[in-house]
Every structure is written in C-alpha cells, then in structure tokens.
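The values are calculated or read from the model by the stated rules, or taken from the named source; none is laboratory data. As the structure is a computational prediction, the values presented were derived from the model and not from experiment. Positions of Cβ are generated from backbone atoms using ideal geometry, with glycine treated the same way; all protein chains shown enter the neighbour counts.
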Amino acid sequence: MIAVLLDSRGRQMTSESFAAWLGQHRDNGAQHIVFAMGPASGWSQKARSRAQLLLSLGNMTLAHSVARLVMAEQIYRAFTILTGHPYHTGH
C-alpha cells in the first residue's frame, strides 16, 4: 500500500507530473494507493515520516470537502492523461 498524505508542507505537482507519478506506481504493480487528509493542526512527524508522498494542493487553505473534490478530479485527470484521453488539454 502506498500512503499519500495531503499536507500543506508537501510537494506541489502539475497535473502532468502527478499523472506520471501515479503511472509509475501503477506500472510497478501498486495495488492500493491511499490518499489521506489530516487534522486541521496537520500530520504528526511520525505520520509524515511513514508516508510515501506528502502532497500539497497549493498554498491556499481548502475545506476538507473541497480538497476531496480537487483530489477526485486530479486522479480522474491523471488517468485521462495516462490514456491519452482528450479531457486534459494542458492549459
């Protein structure tokens, strides 16, 4: 299992680089990738050290419900990029 923690101090990615990251793990046989949002006070250092990726959605503060929607769309977008679907135009 690959754990991705959404964290404001994490790595920011473009849609294309996120797609490449997901594609690499898919191609390496990853069966489960878990995306988790932490508490308002942030993740503990222990949790952060156990994650395979700390991912930031940007510098703005988002409500958890909005962040879930953004992640769902970005995961969908990533797989359309990987399959060459025209959903993502790169603009």
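Determine whether MET71 is touching a Phe, Trp or Tyr at 6+ places or on another chain (Cβ under 9 Å), surrounded by 10 or more Cβ atoms within 10 Å (Cβ to Cβ), at pLDDT 95 or above and assigned to a loop (DSSP other than H, G, I, E, B). No: the conditions fail for MET71. Quick check: anything in the range 44-52 surrounded by fewer than 11 Cβ atoms within 10 Å (Cβ to Cβ), in a loop (DSSP other than H, G, I, E, B) and free of Cβ contacts under 8 Å to residues at least 24 places away in the same chain? No; the residues of the range 44-52 include none that is surrounded by fewer than 11 Cβ atoms within 10 Å (Cβ to Cβ), in a loop (DSSP other than H, G, I, E, B) and free of Cβ contacts under 8 Å to residues at least 24 places away in the same chain.
Only one entry of TYR87, TYR76 meets the criterion of being touching a Ser or Thr at 6+ places or on another chain (Cβ under 7 Å) and free of Cβ contacts under 8 Å to residues at least 40 places away in the same chain, and that entry is TYR87. Residue pairs whose Cβ atoms lie under 8 Å apart, sitting 6 or more positions apart in sequence or on different chains, and linking a residue in the range 1-22 that is farther than 21 Å from ALA63 by Cα to a partner that is modelled with pLDDT under 95 and crowded, with 20+ Cβ neighbours inside 10 Å, do not occur here. The single condition among (1) loosely packed, with under 15 Cβ neighbours inside 10 Å; (2) within 14 Å of the chain's Cα centre (by Cα); (3) not aromatic (Phe, Trp, Tyr) that PRO86 does not meet is (2).
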